[in-house]
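Inspection log for the structure reproduced underneath, given as structure tokens.
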Amino acid sequence: MLSYANRNILLNLLLLKNNLPMEGIIGEVGSKDEVWNYVRELNNMYKNELKIDIAKNENKIMLSFYDKDKFYKNLYMRNTHDFNDFRCRIAYLFNELINKGTYLNILDLSDYMNVSRGTVNNDLRKAKSLLKKYNAEIVGVPNKGIKFNSNEFSKRLVLIYEVFDYFPSDILLNNKFMKLIESLANYYKIDSSTEYLLYKTIVVSICRIKGGNHLNFRIPMYKNFESNSEVLNNFIKKVERIFKIKFSSEEIDFISFPINIRNSSHINAMNNSQNEELLFDIVSQMLKSVEEKFMIHIDEYDFFNQVKYHLLFLINRLTFKIPVKDIFSNQIKIRFPLAFELAKMSMNVLYEQYRLVGTMVDVSYLAVYFALILDERKSNHEKNKTIKKVAVATNGGRGVFELIRRQLQEILGTNSQIDFLTVSDLVTKDTSEYGILFSTENIITDVHMPVIYINGIIDYTYLTRKINEIGNKEFSFIEDISKIVDFKVMHLDAENGYRNNVKIITNRLVEEGCVSNNIYQVFEEKDKQSSMIYENGVAFPHLTDKVIDKLSLTLGIIKPITDSLKIIFFLVIPENMNSQQEDSLMKIYDQIFTIISKKELVNNLQYVNSLEDLYTLNERKLLA
């Protein structure tokens, strides 16, 4: 379906750059067939002023003028408005409400558009929903009508993104002004869509200033990196002379935002120390939320140094409502499920502090940084736990240990640290720093690490093979679950409801002495703060407990199957964990969030009755 707005976009893009690649135009306004139709319409509308041609090989579009002065005098005056399109009607409502700045009568608005009052009321419901991301609202007062409520900043953004393509401008533009925009865009090497955004921003700002509506406050977390640019300042002076207006410093900051917010690598190259303290506070709050909900500690300074440029870019892009292309959001959620959940929670901090609402695409980009920091942690842990630091557990005394140590050094290398432990040390000491434990004794204690049993004289071939097996073995959540968690399967009745089923799980854990007596109360408090029910009918309550020293996971399978709730993963985490337990916890999170995101995996779990059933599903590749 042809769009009146897309026709305007095509015209404006060609006015800014008279020669454009077809590929870029299609990305902005629709299919190649639609572009041909828009070209025919524009050529017919302005047949005495301009001509638009499409190259024979259809790779570019070119605009040439017959009469520039006449064209600019008539620019936008020949536009007709298609009020059959609800988007056009909503744009008209915004335009009238913002620019008139007073109460308007719904009946008058419906008469102008030649639609019913009921149609306008339906449009208003859509408009109110659309305005939430702009922190703006339409309010109605009996006997007065409806009015637009927001600050000047939000009004301009609504005019730029929701109105301009339908109702472009009341000011008289000229070719000189368009050439100034084109020259500035060429200097900053911005693409056509960003150039068009710059054009809209400047035109809207000129219209608002001429109407006596000024921007008079600093935009939070935003810096105009080009404030001292001679090129930009000369451009501003020329525009001021053309339109006989004066831009304040706040106005200049605003109209410069398309130039400043190009990408995070541009921000990376600039000094922005004035916002770094605020950014660090935001990161601290994000990581505090992550630790409170998921019990995962991430170093603030490491994460801040990795994410600060992207985070500032993200905040500014959300502040100015600049859309972002979805390159890989689905892949990120599938490949890094835990990082995606951490990013989703972190985005809530931006909403609470600045009322910034991000999309799943924004969550995915932020998730990349969580994935990097978690992967870095994992790499460091893997590095620390392998060949470089090992322990020998023997009750044979120092002499036996020295004999074994010398033989191990021939295999592991002389730089490896090999420590002596007795079997009793395994109970009293923190062994999480060791990658492998070699033992001459039978180990009963769960030491959360690979154990290789040896005699005093070592078989080098056997030992090398065992070490390589450990080094190459990929962690399997299902295969190793009995070693790292106390695991249970329970069958629950759907009629009990979510909270009662959680109570049944906690009652059993308390009866068996697995957790603290108040674990259900802990769950209730956490559930009040934030729901732990996720997608595809899975609830995943995860809590800390002082009395346990091992992770506890209960799989609650709900029958009969309902769409609302199918599975409860109830995870209890020790309040104090060693590094290996933290590493295991992150892998458990990854596996569970992978299951949550895939309906077929959730359905596969409906038939599990024991740990052995989990092993079977895993062997059949039905849990990944």
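All of the numbers you see were taken from the coordinates with simple rules; none came from a lab. This is a predicted model, so every value here is computed, not measured. Backbone-built Cβ (ideal geometry, glycine too); neighbour counts: all protein chains shown.
Assuming R0 = 41 Å, can you tell me the calculated FRET efficiency for the pair ASP82 and ASP563, based on Cβ-Cβ distance, to the nearest 0.05?
Using R0 = 41 Å, I get an efficiency of 0.50.
Once the dipole of the chain is set up with Lys and Arg at +1 and Asp and Glu at -1 on Cβ about the Cα centre, which of TYR166, ASN135, MET347 lies farthest towards its positive end?
The residue sitting most towards the positive pole is TYR166.
Calculate for the chain the 222 nm mean residue ellipticity that helices alone would give, adding -39,500 (n - 2.57) per DSSP H run of length 4 or more and normalising by residue count, nearest 500 deg cm²/dmol.
The helix-only estimate for the chain comes to -17000 deg cm²/dmol at 222 nm.
Based on the Cβ-Cβ distance of SER530 and SER227, what FRET efficiency does E = 1/(1 + (r/R0)^6) give at R0 = 45 Å, to the nearest 0.05?
Taking R0 as 45 Å, the efficiency between SER530 and SER227 is 0.65.
What size of dipole, in debye to the nearest 20, comes out for the chain about its Cα centre when the only charges are +1 on Lys and Arg C-beta atoms and -1 on Asp and Glu C-beta atoms?
2700 debye
Taking the alpha-carbon centroid of each part, what is the distance from the stretch 113-184 to the stretch 497-539 in angstrom?
47 Å
To two decimal places, what compactness ratio does the stretch 116-183 give when its Cα radius of gyration is scaled by 2.2 N^0.38 Å?
Normalised by 2.2 N^0.38 Å, the Cα Rg of the stretch 116-183 equals 1.46.
Taking the Cα-to-Cβ direction at GLU152 and at VAL400 and moving 7 Å from each Cα, how far apart do the two end points lie in nm?
Once both label points are built, they end up 8.4 nm from each other.
At most 13 other C-beta atoms within 10 Å and a DSSP loop state: those are the exposed GluC sites (Glu not before Pro) I care about. Give me the longest piece of the chain that has none.
Longest stretch, sites excluded: 59-440.
Non-local amide H neighbours of LEU492 (under 5 Å, H modeled in plane, Pro and chain starts lacking H): which ones?
Amide H to amide H, under 5 Å and 5 or more residues apart or across chains, LEU492 pairs with ILE557, ILE558, LYS559.
Which residues does the label zone of GLU28 cover in the stretch 89-106, counting backbone N under 12 Å from a point 7 Å along Cα→Cβ?
none
Roughly speaking, what is the stretch gain from TYR103 to GLU410, that is 0.36 nm per residue apart minus the C-alpha to C-alpha distance, in nm to one decimal?
Answer, rounded to one decimal: 101.9 nm.
With label points built 7 Å along Cα→Cβ from the Cα atoms of THR422 and ARG40, find their separation and express it in nm.
Roughly 9.4 nm, to one decimal.
What pairs in LYS147/LYS308; LYS526/LYS559; LYS68/LYS133; LYS126/LYS344 have C-alpha atoms more than 30 Å from each other?
Among LYS147/LYS308; LYS526/LYS559; LYS68/LYS133; LYS126/LYS344, the Cα-Cα distance tops 30 Å for LYS147/LYS308; LYS68/LYS133.
Obtain the radius of gyration and the Kirkwood radius of the chain from its C-alpha atoms and give Rg over Rh.
1.09
Round to the nearest 10 and give me the degree value, 0 to 90, for the angle of helix 398-412's Cα axis relative to the longest principal axis of the chain.
Long axis of 398-412 versus the principal axis of the chain: about 40 degrees.
Could you pull out the longest piece of the chain with no exposed loop chymotrypsin sites (Phe, Trp or Tyr not before Pro) in it, calling a site exposed if DSSP puts it outside H, G, I, E, B and it has at most 11 other Cβ atoms within 10 Å?
Counting at most 11 other Cβ atoms within 10 Å as exposed, the longest clean stretch of the chain is 218-606.
Any idea what the relative contact order of the chain is, in percent, if you count C-alpha pairs under 8 Å spaced at least 6 apart?
Taking the mean separation of contacting Cα pairs over the length of the chain, I get 8 percent.
Which pairs break 19 Å Cα to Cα here: LYS155/LYS210; LYS100/LYS246; LYS466/LYS488; LYS100/LYS210; LYS176/LYS244?
Over 19 Å Cα-Cα: LYS100/LYS246; LYS466/LYS488.
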